Amino acid sequence: MSGCFNHLRRTIGSSAGCKRISVTTTTALSSNLIAAPITSSLDASTTTLPIRHFAAAAAKKSKSVKSDGDQNGLSYRARKEAAKQKRRDTYNRQQERLERIKTRRDDSPKDVKKNLFRSWWDKEMIYHDVLLRKAKKENKPWRIRVAAMVERLPVVTPDMEPWEREYIDLRDYLWTYGKEYPEETGFMYAKDKPEDHIVPTDEELLASLPFTPAPRETEADATGNVKTRDRELKTRVYLALQTAAEGNKSGPRWTFPSAIAKPDETMLETAQRAVSDAVGSDLMLWCPSNAPMNVNFRVYNKNLPEEFRGDYFGEKIFYYRVQYDHGDVDESAVKAEEDYAWLTREEMTKRVEGERGKHQAKFYHYML
């Protein structure tokens, strides 16, 4: 504004000859230059001055003009209520859509196996915490035992489920009849040759091979021989040992090869030593990791021999999963009072349940 008054002084004369000057401006809503009349008491003439409205002032005035309504003439409360109604409509549309696309799976039970596992696992962890506190209270150490789960991987693919078989049949049908191409491409089978539209079965494909495939069911499966790896080719089998090495007063029971850890060896080396001590050194293994996959606690009770218990509270049994590479069990290395077998998860769980109850059987079921 000082620049405007300086311009005024230069226009109407020096400040000595000037008396009172009154300036009248007109109100403007934009930031453009406007003309305002200047009235002087010395001279009746009118002088035009440019006055600039800055952007902040113009915006403030514009905001004050629109304070009672938006561009559509709605007040703040009306706009707020409209936004709420829009959210309600969006939610209602989503609920209507979910109601329209309901399927038969919506009412099916959820997380059945997960809840079944948690019902066992949570109690197991509480029991382990109680044992740790008891051992600390009695000031007794734990003995470290390492067990090896020798695993033979599946040799053949598992049998297909009925829905898988139906899917493959439908896929073959669509590949044969599903698309039609122009005749000049030569992609389509001739309609007058029904033999071109026959999809051979698995048995017909096997019969057309120049060699005879090995059977999926072996002689050991037919005779029930569990001392060979050549059985249950569709699933995994594990080397199980019936032994009394764990100090069981009730006699031998089914478990995995295990050994007490020595101070000068790692736990993985203890697992390898447990296998070689139990079934000989001809069985070659592949060890994918140095870390155990599970741990279980076993408390020594008074029924165990005192020379076996010593001054320990119990055992922490670490389980290592190792895989069969080559070789076989050396039956001459197996002790006379012991026995071995290659068992599936279901077979191992069933034998443990018969000896130690359902709780330990669940441990083997989830671990395998």
Only one of (1) under 23 Å from R351 (Cβ atoms); (2) open to solvent by less than 40 Å² (accessible area, probe 1.4 Å); (3) modelled with pLDDT under 95; (4) not hydrophobic (A, V, I, L, M, F, W, C) fails for E217. Which number is that? (2)
Being closer than 18 Å to R236 by Cβ, open to solvent by less than 50 Å² (accessible area, probe 1.4 Å) and at pLDDT below 95, is that true of even one residue in the range 298-309? no
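Considering only residues that are of a type in the set (A, V, I, L, M, F, W, C) and closer than 16 Å to D277 by Cα, look in the range 233-256 and name the one that is surrounded by the fewest Cβ atoms within 10 Å (Cβ to Cβ). Spell out the reasoning first.
Looking only at the range 233-256, we keep the residues that are of a type in the set (A, V, I, L, M, F, W, C), and these are 233, 237, 239-241, 244-245, 254, 256.
Filter once more, keeping what is closer than 16 Å to D277 by Cα: 239-241, 244-245, 256.
Working: L239: 24, A240: 23, L241: 25, A244: 14, A245: 19, F256: 25.
That would be A244.
The values are calculated or read from the model by the stated rules, or taken from the named source; none is laboratory data. Predicted, not measured: the structure shown is a model, and the values here were computed from it. Counting neighbours? That spans all protein chains shown, and the Cβs are built from the backbone with ideal geometry, glycine included. All accessible areas refer to the heavy atoms of the entire protein, side chains included, with ligands and DNA or RNA removed. Shrake-Rupley method; radii C 1.70, N 1.55, O 1.52, S 1.80 Å.
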